[in-house]
Each structure stands twice: as C-alpha cells, then as structure tokens.
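*Asks:* Provided herewith is a single structure, encoded as structure tokens, for subsequent inquiry.
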Amino acid sequence: MGEPLRDKDSKILVKRNYRPGMHGQSRTRISEYGTQLLEKQKAKWIYGIKEQQFRRYIEDATKKKGMTGDILLRALELRMDNIIYRLGFAASRAQARQLVTHGFFTIDAKRVNIPSYSVPIGSQIAVAANKRPSKYIQQILPKLKEFKTLEWLSLDGKSLSGRVLSAPTFENTGSTIRSELIIEHYSR
C-alpha cells in the first residue's frame, strides 16, 4: 500500500494559508494596477468573454455619452446568453451560450444563434417551436414555473418566454463588478 507518514512528511503536506516560497509569508499590498486587473479578469470570467471582445465592449462604451461603467454593464447584461441565464433557461452562462448556439431561442419570432447578440429592450425571448419537445426543455419546465427573475426581466413559464422590460442598472442586476476600476484599467 504505502509507507506510513513520518513527522517530516506531515509537516510538508499541511495546507498553509500563504503562498509557497521564500516570500510567501510576507503579505504585500496589491497595487492599484493589480486591483484593476483582477476586477477586469473577474468580469471577463463571469460573462465568459475573451480579451479582444471585452476590449470592444470597452471601446463602444467609451464612445457613448453617459457613465461609461454603466454603459459597459448594460451591454454585458443585455447579451443573449446572459439574458437566457437570467431568465432561468440555463444553469450557467456557458450552458446558455451553448443553448443559444444550438438554436433553442427566438427573439421576436426570429431565430438567433449568436450568444453575443445584444437584445433590444422590449424584445420577447421564447423557446423555438421545434425545440419545445426536447428533453432539456421538458426537464426545466417545472423549475421555470417558480423561478424569480430580476426586476428588469419578466418570465412566463407556461409559454416558455420572457421579455426585457427595461435597461439593467447596477442596482437591479445584483452585480459585484466594480466597473469604474475596469474603465480606469483600460484608460491607461
């Protein structure tokens, strides 16, 4: 089987709450650049976006009038894959992206299979007619009946459809992203 652990081995295998190496215990403060970078990476990870596409969202947000951080958050929240996730049709944004790619949803009766599609306010999102009998949709049907959406979205579990009622704001998305740090990071 294996040899029993010696005292020396058990000391090595202990999980420590600091980084390995000679400078692991010296806690250094993360720089301003580091906190901005971490915030940008967190946003990219949450929404599942690669760097080049995220940079395009930043550029578009800076060109528009208004608070750049709010415009960026609105653009990210109004992505098709994010709305599918927020409406409860998928357990994660990655799953929502796959469902959109496979043509499960329509926007105002037109099939959309682009996860980054920006859904206009007032649009109705519904499960495509040919996908309603699928195993997946039948499986999530009971969960949709009691699913609570955010205040800027509405969901009708019986008709398998939802609607974007208004533009999302920082307060009504429940987001923990500090968009001002992301904007500062890209303004260097």
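*Asks:* Would you be able to tell me the number of residues in segment 61-97 that are loosely packed, with under 14 Cβ neighbours inside 10 Å and either assigned to a helix (DSSP H, G or I) or not aliphatic (A, V, I, L, M) (or both)?
*Replies:* The number of residues fulfilling the criteria is 7.
*Asks:* Here's something else I'd like to know. Only one of (1) over 29 Å from residue 184 (Cα atoms); (2) assigned by TED's automatic domain parsing to the domain that holds residue 160; (3) in a helix (DSSP H, G or I) fails for residue 10. Which number is that?
*Replies:* (2)
*Asks:* Could you figure out which of (1) free of Cβ contacts under 8 Å to residues at least 40 places away in the same chain; (2) more than 16 Å from the chain's Cα centre (by Cα) isn't true of residue 54?
*Replies:* (2)
*Asks:* Still on this model: What are the residues in segment 48-69 that are out of contact with any helix residue (DSSP H, G or I) (no Cβ under 6 Å at 6 or more places or on another chain) and among the β-branched types (Val, Ile, Thr), if any?
*Replies:* 49 - this is the single residue of segment 48-69 that is out of contact with any helix residue (DSSP H, G or I) (no Cβ under 6 Å at 6 or more places or on another chain) and among the β-branched types (Val, Ile, Thr).
*Asks:* Oh, and also: Say whether the condition of being farther than 23 Å from residue 182 by Cα, in contact with a His (Cβ under 8 Å, 6 or more places away or on another chain) and at pLDDT 90 or above is met by at least one residue in segment 110-123.
*Replies:* Looking for residues that are farther than 23 Å from residue 182 by Cα, in contact with a His (Cβ under 8 Å, 6 or more places away or on another chain) and at pLDDT 90 or above, one finds at least one in segment 110-123, hence yes.
Conditions tested, residue by residue: (1) of a type in the set (D, E, K, R); (2) touching a helix residue (DSSP H, G or I) at 6+ places or on another chain (Cβ under 7 Å); (3) under 30 Å from residue 82 (Cα atoms); (4) at pLDDT below 80.
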residue: 3; (1), (2), (3), (4): yes, no, no, yes
residue: 12; (1), (2), (3), (4): no, no, no, yes
residue: 20; (1), (2), (3), (4): no, no, no, yes
residue: 26; (1), (2), (3), (4): no, no, no, yes
residue: 32; (1), (2), (3), (4): yes, no, yes, no
residue: 38; (1), (2), (3), (4): no, no, yes, no
residue: 42; (1), (2), (3), (4): yes, no, yes, no
residue: 46; (1), (2), (3), (4): no, no, yes, no
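*Asks:* Can you tell me which residue among 158, 135 is touching a helix residue (DSSP H, G or I) at 6+ places or on another chain (Cβ under 9 Å) and either basic (Lys, Arg) or surrounded by 14 or more Cβ atoms within 10 Å (Cβ to Cβ) (or both)?
*Replies:* 158
*Asks:* Let me ask another. Among the residues of segment 155-184, which ones are part of a loop (DSSP other than H, G, I, E, B) and within 15 Å of residue 74 (Cβ to Cβ)?
*Replies:* 165, 166, 167, 168, 169, 174, 175, 177, listed by residue number.
*Asks:* What do you reckon, is residue 153 aliphatic (A, V, I, L, M) and crowded, with 18+ Cβ neighbours inside 10 Å?
*Replies:* So residue 153 fits the description; yes.
*Asks:* Looking for something at pLDDT below 90 and more than 19 Å from residue 183 (Cα to Cα) - is there at least one such residue anywhere in segment 49-68?
*Replies:* No, segment 49-68 contains no residue that is at pLDDT below 90 and more than 19 Å from residue 183 (Cα to Cα).
*Asks:* Related question: Can you say whether residue 120 is exposed (fewer than 12 other Cβ atoms within 10 Å of the Cβ) and in contact (Cβ under 8 Å) with a residue 24 or more places away in the chain, as far as the supplied structure shows? I'd like the intermediate steps shown before the answer.
*Replies:* Values: exposed (fewer than 12 other Cβ atoms within 10 Å of the Cβ): yes; in contact (Cβ under 8 Å) with a residue 24 or more places away in the chain: yes.
The answer is yes for residue 120.
*Asks:* Now for a different question. What's the number of the only condition in (1) under 20 Å from residue 45 (Cα atoms); (2) in a loop (DSSP other than H, G, I, E, B) that residue 148 fails to meet?
*Replies:* Status for residue 148: all satisfied but (1).
*Asks:* Here is a follow-up. Part of a loop (DSSP other than H, G, I, E, B), out of contact with any Leu (no Cβ under 6 Å at 6 or more places or on another chain) and in the same structural domain as residue 83 (by TED's automatic domain parsing): is that true of residue 142 in this structure?
*Replies:* When the stated conditions are applied, residue 142 does not pass them.
The values are calculated or read from the model by the stated rules, or taken from the named source; none is laboratory data. Treat the numbers as computed from the prediction; the structure is a model and nothing was measured. Note: ideal-geometry Cβ built from the backbone for every residue, glycine included; neighbour counts use all protein chains shown.
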